[in-house]
Amino acid sequence: MTHPNTPDDMVIAIIGGSGKLGHSLARRLLHAGFSIVIGSRSNTTAAASAESLAGEIHPEGEHKLHVSGMSNVEACKQATIVILAIPESSYDELLPPLQKACAEKIVLSTAVPFPLREAPPSAGEHAQQLLPQSRIVAGLHTVSNVVLEGTGAVNQDAILVADEPHNVEVLQSVLQAIPGLRAVYGGPLKYSRITESLTHLLIRMNRTYHTAAGIHITGITLPTS
C-alpha cells in the first residue's frame, strides 16, 4: 500500500480527538493544511469537537476547513493515517472494533502506560496485538500537550519507533508540518518500552522545575521534505 506525501492527499483520523491531546494535534494539523476526521464513541461528541475546532481557527467562519466528526469506525474508514490519542486503558475496549477499518493503515500510538510498567508489552506493542493488520508506529511520548496546545513553535524532538522505517518516514512528513517539531526514527517497535518510560522521567522533571520540558537529539540532521 502506498501513501501520499502532501497534506492535500492525506486524511488523518484522530481517535480521541475530543480529548486534550487529540484536540491540540487536530488544531495543529489543520493549520498545516491536513484534512482531519475526529473520531469518538459518540457521533454527537465528535461533531461538536469538529465544530469547536473550526470555530477556534476561523471564528467568523470565513474559511471552510477540512474537519469533520464521526464515530471511531467511520473515522478510520475515511483515514489515510490514524492517530490514537486515547489512554492505553481504553485500548482493549476501543481498538478491536477498528481492526477492519485500520487494516494496512499506519496507526500512531501515543499512549503511555500508567503507572510505569517495566515488563512488556508496551502500549505500542499492545496496540499492535489488538490491530494485527495495521502498521503501528509509537511516538510523541515526550511532547507535552502543554506545548502542543500553544501556538508557538514546539522546538522539541519526537522519537518514533516502528518495525517498518517507511511508516515512520510517512509520519515524519505529517508531524514535521507542526512548526518546530522534529520526528526522529528510534528503531523497532519494541523500543517503545523505552520511549514510553521517558514520559515518566519528564513528568518528574517538570514537577521539579515547574516547566514543560521535552527532548532534543543532537548530532542528527534530517533531510528536508
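Could you work out the local net charge near Ile106, counting Lys and Arg as +1, Asp and Glu as -1, over the other residues with Cβ closer than 13 Å to its Cβ?
Residues near Ile106 contribute -2 overall.
When all alpha carbon pairs of the chain are counted in 10 Å bins from zero, the resulting P(r) reads 8, 35, 39, 16, 1, 0 %.
Given the range 22-140, report the % of alpha carbon pairs whose separation exceeds 23 Å. So the portion of pairs separated by more than 23 Å is 31 percent. For the chain, the relative contact order works out to 17 percent when only alpha carbon pairs closer than 8 Å and six or more residues apart are counted.
Pairs of Lys residues in the chain that lie 8 or more places apart, or on two chains, and have C-alpha atoms under 26 angstrom apart add up to 8. Take the alpha carbon atoms of the range 184-225, find their center, do the same for the range 95-168, and report the distance between the two centers in whole angstrom. Value for the Cα centre distance between the two parts: 13 Å. On a per residue basis, the range 65-171 carries 40 Å² of accessible surface, using protein heavy atoms and a 1.4 Å probe. Only protein heavy atoms count here; under a 1.4 Å probe, Ser89 has an accessible surface of about 110 Å².
The mean of 1/r over all distinct Cα pairs in the range 79-211, once inverted, gives the Kirkwood hydrodynamic radius of 15.0 Å.
What a 1.4 Å probe finds exposed on the range 61-127 is 53% carbon and sulfur by accessible area, rounded to a whole percent.
The values are calculated or read from the model by the stated rules, or taken from the named source; none is laboratory data. Just so we're clear, the structure is a prediction, and the values are computed from it rather than from any experiment. Here Cβ is always computed from backbone atoms with ideal geometry, including for glycine, and neighbour counts include all displayed protein chains. Protein only, heavy atoms only, side chains kept; ligands, DNA and RNA dropped before computing areas. Shrake-Rupley method; radii C 1.70, N 1.55, O 1.52, S 1.80 Å.
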